[in-house]
Amino acid sequence: MVLQSQRQLDEILSGELLKEYKTVHAMIKIYCAKHHGVLHGLCEECAELSEYAKTKLDRCVFGQNKPTCNRCPVHCYRPKPKETMRAVMRFSGPRMLFKHPLLAIRHLRHEKKGVPEVPKQNVSNRHLRKQAKSEKQ
Ligand SMILES: [Zn+2]
């Protein structure tokens, strides 16, 4: 069940949201290798965090205009995963430049762009996806 939803979401995210997810996933991987000794894939705890991040990206109210998470005015994470994610970012952030320079540079550029206003309409990836689906029927 979990695996299936993971596969589905990989296909669901696109554009900026997918790049953002790849960045987050790469950061969790760096963190997991160092802190949990898992060199291929992720430990259960980190896999769960990655999955959680993916769901949040899918539901992000900014949709494709999402600001970087650390500057976002909307607090969508629950306290526990938020705390863990903070630790991941703090640890992996500086290491990203060496491991994944392209993703890291994109993220830094993105960060400079500033924060858009919260859209009045729901433009989350999830919402648009559901809308597209219901229009087809
Ligand atoms: Zn781990």
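The numbers here are math on the coordinates, done by the rules we state, and not lab data. These numbers were taken from a predicted model, which means no experiment stands behind them. FYI the Cβ positions are ideal-geometry reconstructions off the backbone, even for glycines, and counts take in every protein chain you see.
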In segment 30-70, residue farthest from the ligand (Cβ to nearest atom) [restricted to those that are in contact (Cβ under 8 Å) with a residue 40 or more places away in the chain, buried (at least 17 other Cβ atoms within 10 Å of the Cβ) and over 30 Å from K130 (Cα atoms)] | I30
In segment 95-124, what residues are in a helix (DSSP H, G or I), closer than 25 Å to E45 by Cβ and under 17 Å from the mean Cα position of the chain (by Cα)?
-> M96, L103, A104, H107
Unmet requirement for H25, which otherwise passes all of (1) touching a residue at least 12 places away in the same chain (Cβ under 8 Å); (2) more than 22 Å from I105 (Cα to Cα); (3) surrounded by 15 or more Cβ atoms within 10 Å (Cβ to Cβ) | (2)
Take the residues in segment 53-70 that are in a loop (DSSP other than H, G, I, E, B) and under 12 Å from the mean Cα position of the chain (by Cα), then tell me which one is nearest to L103 (Cα to Cα).
-> T68
Just name the residue that is nearest to E117 (Cα to Cα) out of those in segment 71-94 that are more than 16 Å from the ligand (Cβ to nearest atom) and assigned to a helix (DSSP H, G or I).
-> R71
K133 vs. criteria in a helix (DSSP H, G or I), without any contact (Cβ under 8 Å) to a residue 24 or more places away in the chain, more than 16 Å from the ligand (Cβ to nearest atom) and surrounded by 11 or more Cβ atoms within 10 Å (Cβ to Cβ) = no
